[in-house]
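> Next up is a structure, given as structure tokens.
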Amino acid sequence: MDADLSIALTPLGFAVRISRARWETIVSSKHPIMRGRESDVHRALRDPDVVRRSKTDPTVLLFYRQDHPGRWLCAVVKRIDGDGFLITTYPTGTIKIGVELWSK
């Protein structure tokens, strides 16, 4: 089992685990632009502007935090039985459609 890189507590009252192996997969093959942005991902999870539920998978939550005007950082989390883990993270210009669970 991978050692946890870190854990972030969300405003929805659950923790999100980020394993070293998963982080390396994200920054090496999926979204290399996120390398070095671990603290930004933690901030998006701890203090998001908006949290939405995926319209295709009710166990997936999308945490959005404004990165700069017109741009957002999205942290995608899978939550099963109260346990949360980071699936991926990426910069985006839009917030996806989905049920809003939380906002500032």
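Laboratory data are not the source of any read-out in this text; all were calculated from the coordinates shown. Being a predicted model, the structure only gives us computed values, none of them experimental. When we count neighbours, we look across all protein chains shown, and the Cβ atoms used for this are built from the backbone with ideal geometry, even at glycine.
> Under a point spin-label approximation (7 Å from Cα along Cα-to-Cβ), what is the S19-I97 distance to one decimal in nm?
3.4
> Please report the spacing between the Cα centers of region 1-69 and region 78-95 in Å, no decimals.
5
> Follow-up question, since we're still on this one. Counting other beta carbons within 10 Å of each Cβ, put K78, K104, K96 in order, fewest first.
In increasing order of surrounding Cβ atoms, one gets K104, K96, K78.
> Still on this structure, I have one more. Could you calculate the contour length gain from R46 to D83, that is, 0.36 nm times the residue separation minus the distance between their Cα atoms, to one decimal place in nm?
11.8 nm
> Quick one: the Cα spread of the chain along its three principal axes, in angstroms, biggest first?
Reported extents, whole Å, longest axis first: 33, 32, 23.
> So what's region 43-84 giving for Cα Rg divided by 2.2 N^0.38 Å, two decimals?
Normalised Rg, Cα atoms only: 1.19.
> Right, something else. Binned at 5 Å from 0, what are the whole-percent values of the Cα-Cα distance distribution for region 5-64, short to long?
Pairs per bin, as whole percents: 4, 17, 24, 25, 22, 8, 0.
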